[in-house]
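Here's the structure, in structure tokens; my notes come after.
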Amino acid sequence: MERPAWVPRSIDISVPSVSRIYDFYLGGSHNFEVDREAARRAMEFMPGLPKIMQANRAFMRRAVRFATEEGIDQFLDIGSGIPTFGNVHEVAARARPGARVVYVDHDPVAVAHSEAVLADLDDADVVVADLRGPREILAAPQVERLIDLNRPVALLLVAILHFVEDADDPYAAVAELSDALAPGSLLVLTHASYEHVPLPAEQAGGAVDVYKDIRNPLIMRSRDDIARFFKGYDMVEPGLVPMPRWRSEQAPEDEDPYAFSGYAGVGRKA
Ligand SMILES: C[S@@+](CC[C@H](N)C(=O)[O-])C[C@H]1O[C@@H](n2cnc3c(N)ncnc32)[C@H](O)[C@@H]1O
């Protein structure tokens, strides 16, 4: 298998990765045949997967704009992925020049690309770290340099928590991060769920099994279990809802039925 020059030496390119599969769904070019093969297998069960990913990105951009309108100018984006169209630092800086962004991902390819995209920028940086180790994230020099934890921050956990199993206690990780944030901070989150998927759950389960096969299990949680991540936050209107229902400019009837899969929400720390 040919190894493109941009691929960090440390990674095994014969193993699919969540961030590169996602990049493929979004039409990006930073993925390998193993990733495309896994993505196509999942799409045999859920052909609308790219629509879900597009709705997820569109929600994220709306939520970042909302945060800037709330006066927030610092963003901690954990599970940020491979840079693609409409990155957080671009959306944030357009609305609030000088906005600061720290990206965090545990995938070396996502981090290598982020470093390349951010090389000439002073207001954004990237950390290689794992959500399951919140203390290391908070202590990272990039976070200390760019984020003032005494002022409100937007904490983005967009399409990441469904990759953290209950055994690794994602609720404790979110609580630890949240404890470090000033009142008025926002938690911006999306999460996969069988609820609102326009398919029988057994069929959607075939796509979920693909992630199990590549050792990155996708944890489908119920609305109630997703809502528990917002402990200590007041929900911003319209609450925890399917992605196109969160302050979208587009009429819900114009959206693809797949876009309604799973949940999105924003909470404000009390
Ligand atoms: C589906 S992508 C989402 C990218 C971006 N947040 C978005 O919504 O467009 C999920 C990302 O989370 C990262 N990820 C998964 N588990 C993680 C963990 N425990 N710690 C840090 N990053 C993680 C993956 O490497 C991947 O880049």
| task | Determine which member of the set ASN31, ASN56 is surrounded by fewer than 24 Cβ atoms within 10 Å (Cβ to Cβ), modelled with pLDDT of 95 or more and within 13 Å of the ligand (Cβ to nearest atom). | result | ASN56
| query | With respect to LEU181, is the statement that it is more than 15 Å from the ligand (Cβ to nearest atom), among the aliphatic types (A, V, I, L, M) and at pLDDT 95 or above true? | reply | yes
| In region 184-202, residue surrounded by the most Cβ atoms within 10 Å (Cβ to Cβ) [restricted to those that are away from the ligand (no atom under 14 Å from the Cβ) and small (Gly, Ala, Ser)] | SER185
| For ALA39, which of the numbered conditions (1) within 12 Å of the ligand (Cβ to nearest atom); (2) farther than 22 Å from PHE163 by Cα; (3) touching a Leu at 6+ places or on another chain (Cβ under 8 Å); (4) at pLDDT 95 or above fails to hold? | (2)
| task | Go through the residues of region 22-29 one by one and say whether even a single one is more than 23 Å from GLY262 (Cβ to Cβ) and in contact with a helix residue (DSSP H, G or I) (Cβ under 7 Å, 6 or more places away or on another chain). | result | no
| field | Hits in region 59-104 (condition: more than 24 Å from ALA140 (Cα to Cα), within 10 Å of the ligand (Cβ to nearest atom) and small (Gly, Ala, Ser)) | value | GLY86
| message | Any residue in region 152-165 that is more than 10 Å from the ligand (Cβ to nearest atom) sitting within a Cβ distance under 6 Å of a residue that is among the hydroxyl-bearing types (Ser, Thr, Tyr)? List the pairs, counting only those 6 or more apart or interchain. | response | PRO152/SER185; VAL153/SER185
| field | Lone unmet requirement of (1) within 12 Å of the ligand (Cβ to nearest atom); (2) within 20 Å of TYR103 (Cβ to Cβ); (3) aliphatic (A, V, I, L, M); (4) modelled with pLDDT of 95 or more for LEU49 | value | (2)
| message | Looking at ASP213 and the list (1) within 19 Å of LEU49 (Cα to Cα); (2) at pLDDT 95 or above, which single condition is not satisfied? | response | (2)
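Please work out which residue is farthest from ALA5 (Cα to Cα), limiting yourself to region 94-124 and to residues that are among the small types (Gly, Ala, Ser) and under 18 Å from the mean Cα position of the chain (by Cα).
Among them, the one singled out is ALA124.
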| request: Out of the residues in region 233-270 that are part of a strand (DSSP E or B) and aromatic (Phe, Trp, Tyr), state the one that is surrounded by the most Cβ atoms within 10 Å (Cβ to Cβ). | output: TYR263
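The values are calculated or read from the model by the stated rules, or taken from the named source; none is laboratory data. If you're wondering where the values come from, they're calculated on a predicted model, not measured in any experiment. Cβ coordinates were reconstructed from backbone atoms using ideal geometry, including for glycine residues, and neighbour counts include every protein chain displayed.
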